[in-house]
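The values are calculated or read from the model by the stated rules, or taken from the named source; none is laboratory data. This structure is a prediction, so every number in the text was calculated from the model and none was measured. Heads up, the Cβs are rebuilt from the backbone with ideal geometry, glycines too, and the neighbour counts pull from every protein chain shown. Surface areas here come from the heavy atoms of the whole protein model, side chains and all, with no ligands, DNA or RNA. Shrake-Rupley method; radii C 1.70, N 1.55, O 1.52, S 1.80 Å.
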Amino acid sequence: VSDGYNIVKTDSKGVYNIVSEKRNGSVFITLPSGYEAYTTGDDVVPQFWAHLTAEPTTAERHDFNLRKVDNNRHVIVAVTDIHLANRLNDVEVFTNSFVPSLTAEIEQYRKQGIPVYSLCLGDSTHEIYWYDYLYDIGDFRKTLADVGYPTPLFNTMGNHDNDMDKEGDFDAEQVYRDIIGPTFYSFNLGQCHYVVLDNTIYINKNRSRSHDTYVSKEQLDWLEKDLANVHADTPVFICMHSAAFRIKAVNGEVGKIDIGFAFSNDKYEKRLGNILKGHSNVHILTGDTHINQSFAL
């Protein structure tokens, strides 16, 4: 269980205690293998987190209800850059085309009794249209419920999921944190460990919607603690919005390309690489580019 800074383990009865400054405003559980977090009503966002609402000096109690499930064999569907904005019939296309197509796709797995989950890699919405078309991250969550999105949906923060009326990364993320939850967290499905990070640092000076691309020191400090609880051979999936790699040069020979990190701050990318070095089976999933690419390094 974590507040985004500290990580503690529950005892054998599930009891935990964190001394927290409550800076991120939430507490969340890393789902253990073989369990799912509940969703409520038609909502499909897993309830693995809770708001911290009292002052740091006041104790709060937050319990997490889990459902036991055999997800040792599972399917996770990565979707990204949906950009719903209530314009150009996008919500209608999402409702009448995308969701039915996805539902049909996953039905083959459900018939075999295989649990299916979804992971959105960011840009669920498009902040430039939040105010013009009155559709923001809260409307996105409501749309998921209204259309009967067919799986639990874990979410990643994208640069367009920030509030463009707020300047600076932390303040611009507040609406997202209030409605969707933590901008970085982890969960286990079967034998796999998934880590969601926020590698878009929203600047938005004078409503420019500008942003940098890297994983902050705060998250890297937390990630180091998180992965300390994960066996070195466990498959680890690092999930972020902005691309982690880019093609730097093509050497002229077919299939020969040079690949480098795509972050805007090499200090943080090197530390991320060093943290991951102790794990032998690492995969990185990102969105943002609107192009399908796969790199094996």
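Is there a residue being touching a strand residue (DSSP E or B) at 6+ places or on another chain (Cβ under 8 Å), open to solvent by less than 60 Å² (accessible area, probe 1.4 Å) and of a type in the set (Val, Ile, Thr) anywhere in region 32-43?
no
Looking at this structure, is Asp198 acidic (Asp, Glu) and open to solvent by 10 Å² or more (accessible area, probe 1.4 Å)?
In short, no.
Does region 100-122 contain at least one residue that is acidic (Asp, Glu) and surrounded by 23 or more Cβ atoms within 10 Å (Cβ to Cβ)?
No.
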